Amino acid sequence: MAERYRCLVGFCLLSLLNLPTTGTAQQLDEAQQAFQQGYAFQIGMDGKKVDPDLALRYYAQALRLQPQFYEAHANAGQIYYERRKYKRAKQHFSEAIRLARSREDISASEEAGLCSNLGSCYFQAGELSEAERWIRGAIALDPALVEAHYNLINLLLRQDRVDEARSYLSEAQRSAPSDRYGIFIGRLQTQDSYASWNPLWLKVVIGIAAVGVIALLVMRAVGTARSTRS
């Protein structure tokens, strides 16, 4: 359900922070190097094989050195989400969102992707109210974000809010057209088929079944009486 978040290189980190001491500069440089190693292992770059475990290890090292490392939080969150470790993913996505709001170089659409991802974590954890809050927040930031629209429709159907889902599907198709919504169209058509079943026919079927059961009981009773008289 979460959007596959693009891995961020994070070269801008050093230029955004004050470097009062040589030690601080060295620490930030080491954090940057650790991040680059994690990034390489996450996507299989520089001759390295994809290794999420090593990627997480390097991201953790980068965050120990620089806890405000936005890109490391965002990428670590994505790996944890893909591993269904939603609690850890939520922690990293939440921190990435907080940091994104303090940086002018992070676009609204980028923040929207993080919010949608965080909403997906809550959805997978069964915390549907929080999931809806974050997903709607993502749509407010970027109305063209297909993933967020998809997630919201899926959430509404999960809660059997069929009318809302149908209404919102129309809105999503206008704001962020995508073939991905096709699966929901099929599900809603199935719901409509059930809803269009005439209750009168159901009553007739139940009535016929009841008459059949009564007739069967009468026949059994008559058969028992006959065998008794004989």
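The table that follows gives values for the structure above.
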quantity	calculated
Close pairs (7 angstrom Cβ cut-off, 6 or more residues apart or separate chains): farther than 18 Å from Pro67 by Cα in region 95-117, crowded, with 19+ Cβ neighbours inside 10 Å and polar (S, T, N, Q) anywhere	Ser116/Asn151
Number of positions in region 36-56 that are surrounded by 15 or more Cβ atoms within 10 Å (Cβ to Cβ) and of a type outside the set (Ser, Thr, Tyr)	12
Test: Arg98 is of a type outside the set (A, V, I, L, M) and more than 22 Å from Gly38 (Cα to Cα)	no
Per-region count, region 134-169, residues of a type outside the set (Val, Ile, Thr) and under 19 Å from Ser109 (Cβ atoms)	16
Tally, over region 57-110, of residues that are out of contact with any Cys (no Cβ under 7 Å at 6 or more places or on another chain), among the acidic types (Asp, Glu) and loosely packed, with under 15 Cβ neighbours inside 10 Å	2
Some residue of region 136-149 being touching a residue at least 40 places away in the same chain (Cβ under 8 Å) and closer than 23 Å to Leu63 by Cβ	no
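Quick note: the coordinates plus some simple rules give every number you see, no bench work behind them. Only a predicted model underlies this, so the values are computations on that prediction, with no experimental measurement involved. Methodologically, a virtual Cβ is constructed for each residue, glycine included, from the backbone with ideal geometry; neighbour enumeration extends over all protein chains shown.
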